[in-house]
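Shown next, in structure tokens, is the structure this report addresses.
Every number in this text was worked out from the coordinates using simple rules, so none of it is lab data. Nothing here was measured: the structure is a model prediction, and the numbers come from that model. Neighbour counts run over all protein chains shown; Cβ positions are idealised from the backbone, glycine included.
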Amino acid sequence: MIVTTTIGNNADLIAEVAKLYLSDKMVVADVTYGKGVFWRKVDTSRYEFHPSDISPHPKADVEAKKIDFKKLPYKDESHDVIALDPPYVHNPGTLMVDANYQNKATTKGMYHDDILDLYVSGMREAARVLKEGGTLWVKCKDEVESGWQRWSLIELYVAAMKLGFYGKDLFILVPHGKPTIQKPQQHARKSHSYLWIFMKPDAKLARRVAKAAQKYRHGIWTQQEAPESAK
């Protein structure tokens, strides 16, 4: 049985997600491949697998093409799955995780709203490339910016609805051990991260998504009216 919460690392998480959302011969693109840690417990030879990154990591598990995920070279409606995991730390300095994620190489000088814009640009391009019924896997994490809570999970869900995606599933990753604290603590430390599974809907479901997005903007959902993804 596949459950929403995985305790471990990104490879453990993706191995669980793959059991539910990948099938043999699917066309899969990881457009933020990094070192390839997502796929270390998945046999990618079962799929037509396209790894790429705007700044390919010199120690990646396989060679990734240098591609900007905002301008993918793929044809419209050509892929079954797009994985999107941009660095989500705003204006990163020297971080313990930088060797793995290359935050400084990709998001230096960017603030939370800038990173949200980066996500949305990638999600919009994924909407073009995905087949009907295809899924967009979006990794994210809430953060605090200048003492202000920024709930990326919610912001990206709203953005996805506006782009016409259906929020089909949500996974939570909790790592082993306790996180480090780099500053005096004023909020509960966010030790978990999320993986949204957004689906590009068919015409019938797309109408429901558009209706739900309209109601969300006006804040008039009732329990009966809310879309399944919001219950």
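Using the Cβ of Glu125 as centre and a radius below 10 Å, the other residues enclosed give a net charge of +3, where K and R count +1 and D and E count -1. A prolate overall shape is assigned to region 116-205, the ratio a/c of its alpha-carbon gyration tensor axes (a ≥ b ≥ c) being 1.5 or greater and a/b exceeding b/c.
Within the shell of other residues whose beta carbon sits under 11 angstrom from the beta carbon of Thr4, the net charge comes to -2, with Lys and Arg scored +1 and Asp and Glu -1. Anything over 31 Å Cα to Cα? Flag those among Lys141/Lys200; Lys66/Lys215; Lys66/Lys178, in the order listed. Violating the 31 Å limit, Cα to Cα: Lys66/Lys215; Lys66/Lys178. Computed from label points 7 Å out along Cα-Cβ, the spacing between Glu77 and Arg40 is 3.9 nm.
Considering only alpha-carbon pairs that sit under 8 angstrom and 6 or more positions apart, the relative contact order computed for region 5-200 is 21 percent. Quick check on my link table: of Lys35/Lys204; Lys19/Lys131; Lys65/Lys204, which ones sit more than 29 Å apart, alpha carbon to alpha carbon? Exceeds cut-off: Lys35/Lys204; Lys65/Lys204.
The Val158 and Lys65 beta-carbon pair, evaluated with R₀ = 41 Å, returns a calculated FRET efficiency of approximately 0.85. About its Cα centre, what dipole magnitude does region 5-200 give when the only charges are +1 on Lys and Arg Cβ and -1 on Asp and Glu Cβ, stated in debye to the nearest 20? That gives a dipole near 260 debye.
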